Amino acid sequence: MGKLTPPGDHYLNAAIGWLELGNTAEAKMELTKISSDQRQHREVLEVGWRICAAERNWAEALEAARRLVATDPDDATGWIHQSYSLHELKRTREAFDMLLPVVEKFPGVSTIPYNLACYACRLGDPERARSWLTEAVRIRGKAVCIAA
């Protein structure tokens, strides 16, 4: 999809501003002002997911993440959000299984092996968790341990 155009980009920026201020209701209101043909834009979907996550509405966040993946399957963000939403819905096995196949698709994204490490740990597999954490550190360096 092309670049978001005015006034949609202005509404998106306003939504981001409200979200950063912690006002998800106003952020959602700004997104509703974006024309229907631009609501499926990757950036709009991303902010929609962030709003759902801030509200801890993981079922809706999962749907937003699925739309992100469908819109741009070559962007790791949707895949990461999708698995994280599943994890927050207490569906960690599904989160792990869904994220695992995209490791090779995004070899430079340390968040994927890091999240797999977290999921493996939660699933009671510390050896696998350690292996994924090692991979995340290899990709990003020691900063991954600090950022997490």
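Here, each number is a calculation from the coordinates, and none is a lab measurement. As the structure is a computational prediction, the values presented were derived from the model and not from experiment. Please note: Cβ atoms are built from the backbone with ideal geometry, for glycine as well, and neighbour counts cover all protein chains shown.
So, restricting to helices (runs of 4 or more DSSP H) that lie completely within the stretch 69-148, which ones have at least 3 residues that are within 15 Å of the chain's Cα centre (by Cα)?
76-88, 92-99, 111-122
Name the one entry in Arg56, Arg67 that is surrounded by fewer than 22 Cβ atoms within 10 Å (Cβ to Cβ), touching a Leu at 6+ places or on another chain (Cβ under 6 Å) and either basic (Lys, Arg) or within 30 Å of Glu127 (Cα to Cα) (or both).
Every option except Arg67 fails the conditions.
Residue check: is Leu116 buried (at least 22 other Cβ atoms within 10 Å of the Cβ) and over 30 Å from Ala14 (Cα atoms)?
Judged against the criteria, Leu116 is a match.
Identify, from the list Pro101, Pro107, the residue that is surrounded by fewer than 17 Cβ atoms within 10 Å (Cβ to Cβ), under 27 Å from Lys3 (Cα atoms) and not small (Gly, Ala, Ser).
It is Pro107.
Could you list, in sequence order, the residues of the stretch 35-46 that are out of contact with any Ser or Thr (no Cβ under 9 Å at 6 or more places or on another chain) and either surrounded by 22 or more Cβ atoms within 10 Å (Cβ to Cβ) or acidic (Asp, Glu) (or both)?
Asp37, Glu43, Val44, listed by residue number.
State which residue is surrounded by the fewest Cβ atoms within 10 Å (Cβ to Cβ) when the search covers only the stretch 70-98 and only residues that are among the hydroxyl-bearing types (Ser, Thr, Tyr) and more than 22 Å from Lys3 (Cβ to Cβ).
Thr92
Filter the stretch 57-68 down to the residues that are in contact (Cβ under 8 Å) with a residue 12 or more places away in the chain and more than 13 Å from the chain's Cα centre (by Cα) and list them by number.
Ala59
Is one or more of the residues making up the stretch 25-33 more than 26 Å from Gly2 (Cα to Cα) and among the basic types (Lys, Arg)?
The answer is no; no qualifying residue exists.
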